[in-house]
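Engineer: My questions will all concern the structure given below.
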Amino acid sequence: MAQTLLDPRMLNTAQALPAMSGANLTGISVGDTWTYQSSQALSSGSDHTFTGFAAGTKHIWITCRALDVTGDANLEVLLGDAGGIETSGYVSISGGNDGSKQTATSHFNTTGTSGNFDANQLMTGVIQLVRSEGSSTHQWSITGSIGLQHTSSSHVTCTFAGTKTLSAELTQVKIELSGNAFHNSGTIIAHSE
């Protein structure tokens, strides 16, 4: 075990530590730097769009809690700027622990097989979006994992990753279901910094 030796000249003295001004401290964040959007209950509809992200946002976390749908669907993530949601230029790969995988260029996939999320499953997971190379570009990377708890048989976990470059500052993230499925229940919330 390492020991620190004290300078005997400093023992038994009345010397005080120098005063420090908070103005001299730089690069230290104080308090919570995350912006929390309202938790959204999903009891109908096939999509939800989060808006109001501040200019220079670098990280976005979207938490899905016990989502349930009316039929087979993929949960897809789309990004947008002031010009609207973009539907091309995505590089997306996703896979399930069952060996299934899929790719996409019109959105980010979060499940392994098309229609992997069905009416007998509850979906829970985290979607993380990270601005690549700091705030100087509009390139975003996605990663995350989703667990699908089947109410009557198997359970599936899915992981996903991808990248997308926007033409301007990100202002919105859309979470949507593919096909003709609609949300039955569950909540989603976005956090950003």
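The values are calculated or read from the model by the stated rules, or taken from the named source; none is laboratory data. On a predicted model such as this, the values are computed, not experimentally measured, just so you know. Every residue, glycine among them, receives a Cβ derived from its backbone with ideal geometry; neighbour counts consider all protein chains shown. Just the protein is used for accessible areas: all its heavy atoms, side chains included, with ligands, DNA and RNA removed. Shrake-Rupley method; radii C 1.70, N 1.55, O 1.52, S 1.80 Å.
Engineer: Quote the FRET efficiency, to the nearest 0.05, computed for residue 120 versus residue 58 with a Förster distance R0 of 30 Å and r equal to the Cβ-Cβ distance.
Structural biologist: For residue 120 and residue 58, the calculated efficiency is 0.20.
Engineer: Could you name the lysines whose alpha carbon sits less than 19 Å from that of residue 58, not counting residues in the same chain fewer than 8 places away?
Structural biologist: 164, 174
Engineer: Moving to a separate point now. Given a 1.4 Å probe and every protein chain left where it sits, what share in percent of the accessible area of segment 34-193 is carbon and sulfur?
Structural biologist: 49 percent
Engineer: I would also like to ask the following. Please enumerate, by chain and number, the lysines with C-alpha under 17 Å from the C-alpha of residue 101, excluding those fewer than 8 residues away in the same chain.
Structural biologist: Leaving aside lysines fewer than 8 places away in the same chain, none come within reach of residue 101.
Engineer: So what is the accessible area of segment 118-187 per residue, in Å², with the probe set to 1.4 Å?
Structural biologist: Details: 3030 Å² over 70 residues.
Spelled out: the 1.4 Å probe surface of segment 118-187, per residue, equals 43 Å².
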